[in-house]
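Scroll down for the structure; my scribbles are underneath it.
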Amino acid sequence: MADFSGQITADAYIPTSAYSAGRDGHSVQYIVVHHEAATGLDGAAITAMWDRMQAQSAHYSVDGAGTITQHVLESNTAWACGRWVANCESISIEHANNSTSPWTVSEATLESGAHLVAALLIKYGLGYPRWGGNVRPHKQIVATACPGELAGSQNAHYMERVCYWYEVMTGTRSASEVGWHTDGKGSWWYQTGESSSEYATGWYKVGDKWYYFNEKGWMLTGWVHASWEGSEKFWWYFNDDGSLFSDDWLEYNGNWYLLASDGHMATGWVDDKDRGNYYYLDETGRMITGWLKLGSDWYYLRSDGSRVEDCLYEVGADNICAFDKEGKLLTGDITVTTNDDGYIAGIKA
């Protein structure tokens, strides 16, 4: 990782001949974010390409592993923005792509790039990070798709990391403070004390939400098989942000599941009082529809999972079946009771 203490020192210095000496009387006013619109290039390959083309360059590049290479000294002008004054007033950073359209970057590239941007903002006294202000996408200067998803789907995350590093490096945020921390690769942990060795494991409540962390402290998402305070193990579902999903139906991979008020996955018969219906969830928690046999009894669940009960019900073309108050299929002779208005009031064998 590049050294950001004091003078910025990149991981490598591989200079290009594609630049102009000095800054033509201008000073650095902002940082310009670029993407390479190519995959698999390292610092040496970037320099070789720019030397050959003699048409473009940037002060820094960040490869797919997060390695930072300096190509042009900051006191000189890189050919990066397509506008002379913009070139003279900026420091440009190229980010390697990890895919073609959409042009995304890896988490390692994003993290190192964000760290470098924050360090440059501090070095030149440009103030707190502001997208479109002291941190600008190439497309803000000329008509271009650059910097790809760094100005699109990855922008919020990118700027969150720029702000994080700015706050850490200026002392306005502690790198080891109590609260949420990330490894920069999409995994999160929650620090419970002043030391990074103090972290949440198992069940842990943050605010009014419950989360679950493995034995190493990493926050889990999706399905988790765990016990609650020594009880038998149940299945639980955690949202993409790690918070516990509870007291509602969940659609997952085309199937429906019911998570109880405490969050555990329900199985067997459940009485959904909000909907006024019974539903059956098999041993995997999946809601059943259609015919269901339990022991010697047959039941029928509508397409929405609700149990047919205490009525005559058409199952398929020209097939009318009778079900009692508990939803059991009746066979043989049955008694149908109607009320004074002629509606069915009850059915029994």
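Each value in this text was obtained by applying a stated rule to the coordinates, not by laboratory testing. Note that this is a predicted model, so its numbers are computed, not measured. Here Cβ is always computed from backbone atoms with ideal geometry, including for glycine, and neighbour counts include all displayed protein chains.
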Estimated 222 nm signal from helices in the chain, with DSSP H stretches of n ≥ 4 weighted -39500 (n - 2.57), rounded to 500: -4500 deg cm²/dmol
With the contact rule set at Cα under 8 Å and sequence spacing of 6 or more, what percent relative contact order holds for region 53-159? 24 percent
Suppose we look only past 13 Å in the calculated P(r) of region 84-134. What percent of the Cα-Cα pairs does that tail hold? 66 percent
Would you work out which of TRP84, LEU121, GLN70 lies farthest towards the positive end of the dipole of the chain? Charges go on Cβ: Lys and Arg +1, Asp and Glu -1. TRP84
State the three equivalent ellipsoid semi-axes of region 290-348, derived from the C-alpha gyration tensor as the square roots of 5 times its eigenvalues, in descending order and whole Å. 20, 13, 11
Rg/Rh ratio calculated on Cα atoms of region 53-190 (Kirkwood radius): 0.96
Ranked from highest to lowest mean number of other Cβ atoms within 10 Å per residue, what is the order of the peptides 124-133, 58-67? 58-67, 124-133
The chain: most fluctuating residue of TYR313, TYR30, TYR212 per GNM, C-alpha cutoff 10 Å: TYR313
Over region 188-301, the quotient of the Cα radius of gyration and 2.2 N^0.38 Å is 1.28
Considering only DSSP beta bridges whose two residues both sit in region 12-169, what percent are antiparallel, to the nearest 5? 25 percent
Just tell me which lysines come within less than 23 Å, Cα to Cα, of LYS293; anything on the same chain fewer than 8 places away is out. LYS325, LYS328, LYS348
Relative to the compact globular guide of 2.2 N^0.38 Å, what is the alpha carbon radius of gyration of the chain, as a ratio? 1.51
State the Cα centre-to-centre distance between region 189-254 and region 58-107 in whole Å. 39 Å
Any idea what log10 I(q)/I(0) is at q = 0.17, 0.24, 0.27, 0.33 Å⁻¹ for region 65-113, Debye with uniform C-alpha scatterers and no solvent? -0.62, -0.91, -0.96, -1.12
Considering only DSSP beta bridges with both partners in the chain, what is the antiparallel share in %, to the nearest 5? 75 percent
Pairs of alpha-carbon atoms within less than 8 angstrom and 6+ residues apart define the contacts here; what relative contact order does the chain have, in percent? 9 percent
Using per-residue counts of other Cβ atoms within 10 Å, averaged over each peptide, order 69-75, 81-87 from highest down. 69-75, 81-87
